[in-house]
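One structure below.
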Amino acid sequence: MSLEIAELFRRLTHGVYVIGVAGPEKPNAFTAAWVMQVSFKPLMVAISINPGHSSYRLLKESGCFSVNVLAHDQFDLALHYGQPSSVDKLAGRAWHPSEHGVPMIDSAIAQFECTFEDECTAGDHRVVVGRVVSGKLLRPDAVPMIYRDTGDVDGAAMFFPDRFDQQP
Ligand SMILES: Cc1cc2nc3c(=O)[nH]c(=O)nc-3n(C[C@H](O)[C@H](O)[C@H](O)COP(=O)(O)O)c2cc1C
């Protein structure tokens, strides 16, 4: 593990989001930082997801996902949705289903609803591209959370190699 390389990668600026998904049996949501706009025409965003997450299977089943933007003071939500789905993360939380049935988090500052468009493998993750079919700005004055400010809450530092030439 290299803290130096982890610190280097923290200079790639990301926000913090809750991605909503829904399979036939149950909806779910997980925290993600690797999210970006990738097209204007049509409007598209990409997320990078570990295919081992239960949310990946649900996303593929539903063919749809939501992107919910967290505010800088919603660290508790980033932690909550970063838990594995053995916990029912949506139980008792304020959310509603989108037109396509994926969870939209009511306390988010902005929301996007996306339909599955494409995906490709990126090392140990899958990059999923979604077409943005709807969206809402809920709190225009709120300041978005910055991933770098969450410290190592996701335990990412341990995944960085000591040196660049030590990668598979
Ligand atoms: C701040 C933060 C950022 C994260 N970013 C991502 C990400 O971009 N992609 C990803 O696959 N997992 C990411 N995770 C990890 C998942 O949220 C976590 O593994 C979660 O348990 C997966 O949920 P699931 O098991 O319900 O699918 C992040 C976690 C945190 C706390």
Working only within segment 1-25, note down all residues that are over 22 Å from residue 55 (Cβ atoms), in contact (Cβ under 8 Å) with a residue 60 or more places away in the chain and within 13 Å of the ligand (Cβ to nearest atom).
9, 10
Is segment 142-159 home to any residue that is modelled with pLDDT of 95 or more and loosely packed, with under 12 Cβ neighbours inside 10 Å?
yes
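Test of understanding: among 107, 134, 98, which residue is under 29 Å from residue 40 (Cα atoms), of a type in the set (Ser, Thr, Tyr) and touching a helix residue (DSSP H, G or I) at 6+ places or on another chain (Cβ under 9 Å)?
Numbers: 134 fails: touching a helix residue (DSSP H, G or I) at 6+ places or on another chain (Cβ under 9 Å); 98 fails: touching a helix residue (DSSP H, G or I) at 6+ places or on another chain (Cβ under 9 Å).
The match here is 107.
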Residue among 31, 121 that is out of contact with any Ser or Thr (no Cβ under 7 Å at 6 or more places or on another chain), of a type in the set (Val, Ile, Thr), open to solvent by 70 Å² or more (accessible area, probe 1.4 Å) and within 14 Å of the ligand (Cβ to nearest atom):
121
Do any residues in segment 76-90 that are touching a residue at least 40 places away in the same chain (Cβ under 8 Å) have Cβ atoms under 6 Å from those of residues that are among the aromatic types (Phe, Trp, Tyr), where the two are at least six apart or on different chains, and which pairs are they?
81/30; 89/81
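Does segment 83-99 hold any residues that are over 20 Å from residue 23 (Cβ atoms) and open to solvent by less than 80 Å² (accessible area, probe 1.4 Å), and which are they? I'd like the intermediate steps shown before the answer.
Keep residues of segment 83-99 that are over 20 Å from residue 23 (Cβ atoms), which gives 92, 94.
Residue satisfying the conditions is 94 alone.
Tally up the residues in segment 124-144 that are within 15 Å of the ligand (Cβ to nearest atom) and either free of Cβ contacts under 8 Å to residues at least 40 places away in the same chain or part of a strand (DSSP E or B) (or both), please. Quick ask: steps written out before the conclusion?
Residues of segment 124-144 that are within 15 Å of the ligand (Cβ to nearest atom), as a first pass: 124-130, 144.
Next, from what is left, pick out any that are either free of Cβ contacts under 8 Å to residues at least 40 places away in the same chain or part of a strand (DSSP E or B) (or both): 125-130, 144.
Here the count works out to 7.
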When the residues of segment 145-164 are narrowed to those that are aliphatic (A, V, I, L, M) and near the ligand (Cβ under 10 Å from one of its atoms), which ends up nearest to residue 82 (Cα to Cα)?
153
When residues of segment 40-57 are limited to those that are free of Cβ contacts under 8 Å to residues at least 24 places away in the same chain and more than 9 Å from the ligand (Cβ to nearest atom), the one nearest to residue 143 (Cα to Cα):
40
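The values are calculated or read from the model by the stated rules, or taken from the named source; none is laboratory data. Not measured: the values here are computed from a predicted model. No Cβ is skipped: glycine too gets one built from the backbone with ideal geometry, and neighbour counts run over all protein chains shown. The accessibility values were calculated without ligands, DNA or RNA, using every heavy atom of the protein model including side chains. Shrake-Rupley method; radii C 1.70, N 1.55, O 1.52, S 1.80 Å.
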